[in-house]
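A short worksheet on the structure shown next.
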Amino acid sequence: MSLTLVGFLYLVKAFEFLFFPLAQYGILPRTQVGLRGILWSPFLHANMAHLVANSIPLFVLLIFLFSNSKYHPWRTLFFIWIASGLGTWLIGRGGAVHIGASSIILGLVAFLITAGFCLRSWGSALVAIVVFFCYGGVFWGVLPQPGPVSWEGHLCGMIAGFFTARNLRR
């Protein structure tokens, strides 16, 4: 499943190379047309470097997510996807188009680390430790910064991942 989801990101980029850019389908905060970006923005990337930088951690984190049915992988992915997008739409910088899968990446990192504590199993704790050591540095991305990086999306993804993990047993 991880390969299929990440492979789709590359198909979208190939479509953009062959036909036309799709960045306008990203999240445009607090606009009606920007609501569609909640669904489409994780598939859109500014360039190949942006795509590669997102696809490798996304692939690894999705493998971890789908490896344990106690994570409720589809429900978790859906909630992180929608909540991080909606949060970005609400608090994102106006006039900017927010694209990329990094909000989902931050959401998955926060989810997998928090789930390691909430599930109280050795397997989820081991995953949490591995994720923390491999990807814990991404949390710096939630700090406000100038430039095109959507720290708002990172922050909303992190909050969505944490909230989802805290509510696993419900």
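What follows is calculated from the coordinates using simple rules that are stated; it is not laboratory data. Every value quoted in this text rests on a predicted model; they were computed, and no experiment measured them. All Cβ positions, glycine included, derive from the backbone under ideal geometry; neighbour counts span all protein chains shown.
Computed 3J(HN,Hα) for the stretch 130-140, one whole-Hz value per residue from the Karplus formula 6.51 cos²θ - 1.76 cosθ + 1.60 where θ = phi - 60°, is 4, 4, 4, 6, 7, 10, x, x, 5, 5, 4, glycine and proline marked x. What the phi angles of the stretch 99-114 give under the Karplus curve with 6.51, -1.76 and 1.60, with θ = phi - 60°, is a coupling list of 9, x, 8, 5, 5, 5, 4, 4, x, 5, 4, 4, 4, 5, 5, 5 Hz, glycine and proline written as x. In sequence order, the stretch 73-85 has phi-based couplings of x, 5, 4, 5, 4, 4, 5, 4, 4, 6, 5, 5, x Hz under the Karplus curve 6.51 cos²θ - 1.76 cosθ + 1.60, θ = phi - 60°, and Gly or Pro positions carry x. Cβ crowding within 10 Å ranks THR31, THR114, THR88 as THR31, THR114, THR88, fewest other Cβ atoms first. Shown is the FRET efficiency for ILE56 and GLN32, computed with R0 = 25 Å from the Cβ-Cβ distance and rounded to the nearest 0.05: 0.15. The label point for VAL130 and the one for MET48, both projected 7 Å from the Cα toward the Cβ, are 3.0 nm apart. Note on ARG120 and PHE20: the model spin-label points, each 7 Å out from Cα along the C-beta direction, lie 5.6 nm apart.
Among VAL142, VAL131, VAL52, whose mean-square fluctuation peaks in a Gaussian network model of the chain (Cα, cutoff 10 Å)? Taking springs between Cα atoms under 10 Å, the residue moving most is VAL52. Entry note: the stretch 2-166 has Rg to Rh equal to 0.97, where both radii use alpha-carbon atoms and Rh is the Kirkwood radius.
By the helix-only formula, in which each DSSP H run with n ≥ 4 contributes -39500 (n - 2.57) and the sum is divided by residues, the chain has a 222 nm mean residue ellipticity of -20500 deg cm²/dmol.
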